[in-house]
Amino acid sequence: MQFTDLGLDGSLLKAISEEGYTTPTPIQAQSIPAVLGGKDIMAAAQTGTGKTASFTLPMLHQMIRHANTSVSPARHPVRALILTPTRELAAQVEESAKGYGKHLPLRVGAVFGGVPMPPQVTMLRAGVEILVATPGRLLDHIEAKNVNFNTVEFLVLDEADRMLDMGFLPDITRIVKLIPGSRQTLLFSATYSDEIRKLASSWLNDPIKIEVAPRNTVTDTIKHTVMELGEYDKSKQLLRLIESGEIEQVLVFCNTKIGANRLTRFLQNKQVGAEAIHSDRTQSERMAALASFKERAVTVLVATDIAARGLDIEQLPFVVNYDLPHNPEDYVHRIGRTGRAGQSGEAISFCSEDDREALQAVEKLIKKRLEVRLALRGSRGARTDRSDQRSQPSKQLDPFFSEPYEAGVNSAPVKQSETNGQKNTSALQDSRRSGRREIKPAAALFRPPVKEGGS
């Protein structure tokens with residue numbers, strides 16, 4: 001099956017071709033016809049399966065009838081609302097929607113926290129047909145009356161399970177109540193938990209259930225390897241992989257923000273282009289770091305699990321688990337950044353003695369043993385010729401340091417500083433004879449005084 005077989009508009013097919021895609025993924029092949037048919041869908045899709053295109057393409061197709069070049073905000077009301085759990089995913093979905101709809105006069109925008117609100121207010125008041133948002137920041141705009149949902153035709157809940165895990169259910173419930181009941185609802189989740197099924201029964205109308213891969217499965221395009229290392233050898237090993245030329249671009253996951261910062265500084269000090277992305281950095285800093293990585297201005301992007309979902313980096317060949325995750329399900333989301341859209345990739349995990357249990361949990365979850373990858377024992381630039389070292393004459397040692405001490409023998413020559421020391425000693429003895437106060441060593445100050453005539 002080709003994209004041309006799905007009944008999409010020619011302008012969309014042109015954009016898809018320019019993106020380099022010709023064949024839809026399984027989730028796209030099943031979801032796009034269902035959405036074009038006006039059905040609600042409940043799809044279980046793992047990361048890296050191309051689910052973003054599975055809802056943006058059919059929505060854009062159906063909104064072509066609303067496309068116009070008018071400058072009036074009234075001609076550009078919100079037609080589709082896409083809710084995502086994280087800022088990074090919101091920005092990624094916005095970018096994808098703009099890319100697929102670049103040949104259509106439809107406006108796409110995003111609102112999320114961590115950045116100033118005024119630019120977002122300006123965008124909303126100018127009009128936008130497709131709005132991507134995180135629940136918290138969207139509620140801020142709703143309370144400020146910056147947005148209206150009376151004309152919404154599509155509601156997309158992307159990564160619904162993640163939004164529930166993050167405690168967004170009350171916020172989402174408030175938002176859904178403001179959207180017309182005649183909407184078409186598309187729910188995407190990595191799992192079919194009881195909470196997700198309950199939401200589906202409340203918000204979806206006779207949905208079509210789509211499941212293209214069981215939970216916690218990984219794509220066949222990813223090679224899983226593990227390196228057994230000491231904890232303090234991990235940073236050096238990563239550097240060797242980069243300096244050897246085996247890794248040209250890599251996304252590295254750490255379990256803590258401190259660890260991510262420490263590794264980033266280490267690489268930068270070794271003249272390796274590296275940036276960090278985690279929750280302690282401002283949204284503008286995170287977006288700048290991600291943009292530099294996508295543009296290949298830096299070689300390494302060091303991240304915490306904040307980046308485990310939603311990042312779509314074209315042709316990313318490697319993901320490194322510098323720290324194995326505490327939750328084995330996070331492994332699936334981490335490695336999903338590589339091997340996307342049918343491309344090959346490799347996930348390398350560093351495993352120290354303390355990581356044994358985490359490694360076993362990962363292998364049990366994905367039902368696959370990780371292939372052992374031999375660690376590099378040295379970088380090309382650091383190698384030396386040991387034969388040359390052996391041929392070089394050793395330096396002559398001073399016998400003062402190599403032979404046992406004997407009085408009057410092997411004594412070091414008297415230096416000027418020692419002569420000065422003798423003069424100072426004589427001066428001290430003269431001061432004692434003259435009756436002046438004796439200068440005591442520091443330890444003597446802490447001894448109890450001895451009474452004269454007593455013990």
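We did not get these values from a lab; they are worked out from the coordinates using the rules stated. Note that the structure is predicted; figures quoted are calculated from it, not measured. All Cβ positions, glycine included, derive from the backbone under ideal geometry; neighbour counts span all protein chains shown.
Numbers below:
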item: Anisotropy class of the range 222-382 from Cα gyration tensor, a/c 1.5 cut; result: rounded
item: Size of charge dipole - the range 222-382 - debye, nearest 20, with Cβ of Lys, Arg +1 and Asp, Glu -1, no other charges; result: 220
item: Relative contact order [Cα under 8 Å, 6+ residues apart], the range 101-237, whole percent; result: 19
item: Whole-number D in µm² s⁻¹ for the range 106-212, Kirkwood Cα-pair radius fed into Stokes-Einstein, 10 °C, 1.306 mPa s; result: 107
item: From phi via Karplus (6.51, -1.76, 1.60), per-residue ³J(HN,Hα) for the range 21-35 in Hz, x at Gly/Pro; result: 9, 10, 10, x, 6, x, 5, 5, 5, 8, 7, 4, x, 5, 5
item: About the Cα centre, charge dipole magnitude for the range 3-211 (Lys/Arg +1, Asp/Glu -1 at Cβ), debye; result: 620
item: Exposure proxy ranking, count of Cβ atoms within 10 Å, fewest first, for V132, V320, V298; result: V298, V320, V132
item: Relative exposure of I258, I335, I366, judged by other C-beta atoms within 10 Å (fewest first); result: I258, I366, I335
